[in-house]
Every structure is written in C-alpha cells, then in structure tokens.
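What follows is calculated from the coordinates using simple rules that are stated; it is not laboratory data. Treat the numbers as computed from the prediction; the structure is a model and nothing was measured. Cβ sites come from the backbone with ideal geometry, for glycine too, and all protein chains shown count toward neighbours.
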Amino acid sequence: MELIIGWAFFAAVVGFMASTWNRSGFGYFLLSLILSPLIGLIFLLLAGRREEGPTPDTHVKCPDCKELVLKDARKCKHCGCQLATQ
Ligand SMILES: [Zn+2]
C-alpha cells in the first residue's frame, strides 16, 4: 500500500516539476503514474526547462545597443533610440 502512495506521490512531484518548467504537468504526471516516476523524471530532465524568453519571432536586436526589443516596438526600451519598423 505504501508503495502505491509513494508512487502516486512521486508522480505528482514530477508533474509539479514539469508545470514549473512550463511543461505539461498533467502529461508528466500521467506518464509517471503509468510507467514510473523515475522514468517520468528522466524524461523531464532530458526535455529540460522550456524557456519563454525572447525568440527571433517576437524580438529583434536593437542596432544601437544590441539588446533584444519587441519586434513592433518603435523605440528601444534600453537605449531609447528610434527603431525602423519593417
Ligand atoms: Zn537600444
């Protein structure tokens, strides 16, 4: 009985970790529950944390200060220079 509780507990921990890493918490919880929490954890560690940072889709580099600014910004938030809009 304790084994099942421990199993479910660690599956929940893996699911929680996944959600803090911007990944599907419920998906990793299910994976851990069905296969093994250890396998779920290994999968999660292999997949790594998903960064929700600037991407080339949303950001461009300011020509003056080389900082990343939003693509549709008209003014750089770092140095205040005017940006050409495409
Ligand atoms: Zn700038």
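At-a-glance table
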| item | result |
| --- | --- |
| Pair residue 30, residue 8: separation of 7 Å Cα→Cβ label points (nm) | 1.8 nm |
| Kyte-Doolittle mean at least 1.6, axial Cα span of 24 Å or more - DSSP H helices of the chain | 2-20 |
| Proximal aspartates and glutamates relative to residue 61, as straight alpha-carbon distance under 15 Å, when same-chain residues fewer than 8 apart are discounted | 72 |
| Calculated SAXS-style log₁₀ I(q)/I(0) at q = 0.17, 0.20, 0.22, 0.26 Å⁻¹ - the chain, Debye, Cα scatterers | -0.67, -0.79, -0.88, -1.10 |
